[in-house]
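A.B. asks: Here it is, the structure, as C-alpha cells.
What follows is calculated from the coordinates using simple rules that are stated; it is not laboratory data. Since the model is a prediction, treat every value here as computed from it, not as a measurement. Backbone-built Cβ (ideal geometry, glycine too); neighbour counts: all protein chains shown.
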Amino acid sequence: MPKHIASGLKYLTAVKLKEQGQNQQKIADELDIDRSTVSHYLNGRNLSWNSIDVAKTITDLEPKDFLKMTQAIIQNPEQIRKIVNICKKNEYETIVEDSCIGCGLCVDLCFMKCIKLDSLKAQITSRHCCGCQTCENECPTNSIKILEI
Ligand code: SF4
Ligand code: SF4
C-alpha cells in the first residue's frame, strides 16, 4: 500500500508542477521518474484513485504529520523535500530573534534543510520551510517563531 500512496503523492506533485508551467521532462527530472510515467499521471492512466484520495488526505494533515507520513512512505530525502515543499498548503514567515545563541541545533534538526548559521545566528530560508515547527519547539532559547501566512 505505501508504494501506491507514494504514486498518489507523486501524482499530486506532478499536477502542481504542471500548473506551475513545467514540462513533462522537467517534472520527470524533479521527481526522478521517467517521462512516460509523468505522461500517464497527467493523463490519469495507471493510477489508483483511492491512492490519490489517501495522498490528498496526507497533504491535508498538520505540516508536522504530513512530513512524518511522507518520510514513512518515501525513502529518498530529496524527493520528500520536493513533494512536501510543492504540496504544502501554506507558506510560512520565519523569525529568528536576537536571543539565538548560534548553537546549531535547529540546523541539524530541520529535515527541509532550510536553516543555516550565519555569524553565529540561525537564518531560515522561508520558502523552503514546511511549517513542521520542530525548530521552534526544540530551540533551547525559544528564539524561533514560525508563522503561517
Ligand atoms: S536552536 Fe535556537 S539558539 Fe540554537 S541556533 Fe537555532 S535558533 Fe539559535
Ligand atoms: S518549521 Fe523549522 S524545522 Fe520545520 S521546516 Fe521550517 S525551518 Fe525547518
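A.B. asks: State whether the residues of the range 110-125 include one that is part of a helix (DSSP H, G or I), within 14 Å of the chain's Cα centre (by Cα) and within 13 Å of ligand 2 (Cβ to nearest atom).
C.D. replies: No, because not a single residue in the range 110-125 is part of a helix (DSSP H, G or I), within 14 Å of the chain's Cα centre (by Cα) and within 13 Å of ligand 2 (Cβ to nearest atom).
A.B. asks: Just checking, does the range 17-25 include any residue being free of Cβ contacts under 8 Å to residues at least 24 places away in the same chain and touching a Ser or Thr at 6+ places or on another chain (Cβ under 8 Å)?
C.D. replies: Yes, the range 17-25 contains at least one residue that is free of Cβ contacts under 8 Å to residues at least 24 places away in the same chain and touching a Ser or Thr at 6+ places or on another chain (Cβ under 8 Å).
A.B. asks: Can you tell me which condition Glu136 does not meet? The list is (1) loosely packed, with under 15 Cβ neighbours inside 10 Å; (2) more than 8 Å from ligand 1 (Cβ to nearest atom); (3) over 16 Å from the mean Cα position of the chain (by Cα), and all the others hold.
C.D. replies: (1)
A.B. asks: Can you work out which of the residues in the range 27-78 that are polar (S, T, N, Q) and in a loop (DSSP other than H, G, I, E, B) is nearest to ligand 2 (Cβ to nearest atom)?
C.D. replies: Pass one, the range 27-78, residues polar (S, T, N, Q): 36-37, 39, 43, 46, 48, 50-51, 57, 59, 70-71, 75-76.
With the extra rule that they be in a loop (DSSP other than H, G, I, E, B), the set shrinks to 43, 46, 48, 75-76.
Details: Asn43: 33, Asn46: 32, Ser48: 30, Gln75: 19, Asn76: 17 Å.
Residue satisfying both the conditions and the ranking: Asn76.
A.B. asks: How many residues does the range 33-61 contain that are surrounded by 12 or more Cβ atoms within 10 Å (Cβ to Cβ) and within 30 Å of Asn137 (Cβ to Cβ)?
C.D. replies: The total comes to 7.
A.B. asks: Kindly indicate whether any position in the range 105-113 is of a type outside the set (Asp, Glu), within 21 Å of Tyr11 (Cβ to Cβ) and touching a helix residue (DSSP H, G or I) at 6+ places or on another chain (Cβ under 6 Å).
C.D. replies: Initially, the range 105-113 is screened for residues of a type outside the set (Asp, Glu), giving 105-107, 109-113.
In the following step, the residues that additionally are within 21 Å of Tyr11 (Cβ to Cβ) were identified as none.
No, the conditions are met nowhere in the range 105-113.
A.B. asks: Just a yes or no: is a residue in the range 120-133 hydrophobic (A, V, I, L, M, F, W, C) and in contact with a Leu (Cβ under 8 Å, 6 or more places away or on another chain)?
C.D. replies: Yes.
A.B. asks: Residue under question is Thr134, and the condition is that it be in contact (Cβ under 8 Å) with a residue 60 or more places away in the chain, farther than 19 Å from Ile52 by Cα and either among the polar types (S, T, N, Q) or more than 8 Å from ligand 2 (Cβ to nearest atom) (or both); does it hold?
C.D. replies: Considered against the rule, which asks whether it is in contact (Cβ under 8 Å) with a residue 60 or more places away in the chain, farther than 19 Å from Ile52 by Cα and either among the polar types (S, T, N, Q) or more than 8 Å from ligand 2 (Cβ to nearest atom) (or both), Thr134 comes out as yes.
A.B. asks: If the Cβ limit is 6 Å and pairs must be 6+ apart or interchain, which residue in the range 108-124 that is without any contact (Cβ under 8 Å) to a residue 24 or more places away in the chain and more than 24 Å from Thr70 (Cα to Cα) pairs with which residue that is small (Gly, Ala, Ser) and part of a loop (DSSP other than H, G, I, E, B)?
C.D. replies: Leu117/Gly102; Leu117/Gly104; Leu120/Gly102
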